Amino acid sequence: MQVSPSILNCDYTHLAEVVRFVEQSGADMIHLDVMDGVFVPNLSFGPPVIATLRPLTDLTFDVHLMMQHPDRLIRAFADAGADIINFHVESDADIAATIDAILALGKKAALTVKPRTPAEAVFPYLDKLSLVLVMTVEPGFGGQAFMADMLPKVAAIKAECARRGLNVPVQVDGGVAADTAPLCAEAGVDIVVAGSALFKAADPVALVEQFHRL
Ligand code: DX5
Ligand code: ZN
């Protein structure tokens, strides 16, 4: 599995070092959690902070928009340097139009499902997506417990892609750590997001290697 570290719970006084830490861990991309205080009960950062990070690394910016109106800021996130623009199927955006807007800006589009949303909600859009994210916690905060009962959604998305001859990587986000990652691998997950587990790890390189081997 590939690894996309979430910097949500990092030390914000040292963001440049955080980016270097993610690079040195051997991770495949970097997961940037954008929260608007409406879609989720928390606020994080937006395009200006992402633009500040962009010159520091060539890592893929995997931008997870937890926003009620992601459609209003697609161009801002594209200009800030997002590579994958990922928004929620439960948002108020016109889903198809927002995907098209992301693609028109030359970026990769992705959709996320919250725990109470069935996998089938993303099926109508699969042919235009570069990634589907299955949340394994309620979005809003890092450091929550992994919801293993979300994993059947991964298999459902994989099966639908196979049926239609599509190859869309499936990502999970929330509570992924050394003990829960094997369950993700078994379920067919392609990319894990890991926040607390990686930032608290005694040996982050070893943890990323372990995820890679699974
Ligand atoms: C939750 C965020 C996640 C989260 C991951 O709303 O989307 O990316 O911060 O953090 P951990 O790995 O600590 O659950
Ligand atoms: Zn996230």
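None of the figures in this text is laboratory data; all of them are computed from the coordinates on show. Bear in mind the structure is a predicted one, so any value in this text is a computation, not a measurement. Cβ sites come from the backbone with ideal geometry, for glycine too, and all protein chains shown count toward neighbours.
Fully extending the segment from E17 to E138, taken as 0.36 nm per residue of separation minus the present Cα-Cα distance, adds 40.7 nm.
Before anything else, pin down the relative contact order of the chain: Cα pairs under 8 Å, at least 6 apart, normalised by residue count, whole percent. Before the final figure, lay out the partial values.
Working: 439 pairs, mean separation 44.1, N = 214.
Answer for the chain is 21 percent.
Our helix-only sum for the chain, with -39,500 (n - 2.57) per DSSP H run of n ≥ 4 divided by its residues, gives a mean residue ellipticity at 222 nm of -9000 deg cm²/dmol. I need the shape label for segment 64-214. Rule: rounded when a/c is under 1.5, else prolate if a/b > b/c, else oblate, with a, b, c from the alpha carbon gyration tensor. Prolate, since a/c reaches 1.5 and a/b exceeds b/c.
Here K158 is the anchor, and the aspartates and glutamates within straight C-alpha reach of less than 18 Å, apart from those fewer than 8 places off in the same chain, are E120, D127, D149, D173, E186, D190.
Rounded to whole numbers, the Karplus 3J(HN,Hα) couplings from phi for segment 25-30 are 6, x, 5, 8, 7, 10 Hz, using 6.51 cos²θ - 1.76 cosθ + 1.60 with θ = phi - 60°, and x at Gly and Pro. Around the Cα centre of the chain, unit charges on the Cβ atoms of Lys, Arg, Asp and Glu (plus for the first two, minus for the last two) sum to a dipole of about 260 debye.
When a/c is below 1.5 the answer is rounded, else prolate if a/b is larger than b/c, else oblate, so apply that to segment 1-112 with a ≥ b ≥ c taken from the square roots of the Cα gyration tensor eigenvalues. If you can, show how the numbers build up before the last one.
Values: a/c = 1.83, a/b = 1.49, b/c = 1.23.
Verdict is prolate for segment 1-112.
If you take the Cα centroid of segment 150-195 and the Cα centroid of segment 1-64, the two points sit 21 Å apart.
Calculate how many DSSP beta bridges within segment 2-213 are antiparallel, expressed in % of all such bridges and rounded to the nearest 5. Before the final figure, lay out the partial values.
Numbers: 1 of 33 bridges.
Bridges in segment 2-213 that DSSP calls antiparallel: roughly 5 percent.
The lysines within cross-link reach of K153, meaning a Cα-to-Cα straight distance under 26 Å and a gap of 8 or more places when in the same chain, are K107, K108, K114, K128. Our estimate of slack between E209 and T52, defined as 0.36 nm per intervening residue step minus the Cα-Cα distance, is 53.7 nm.
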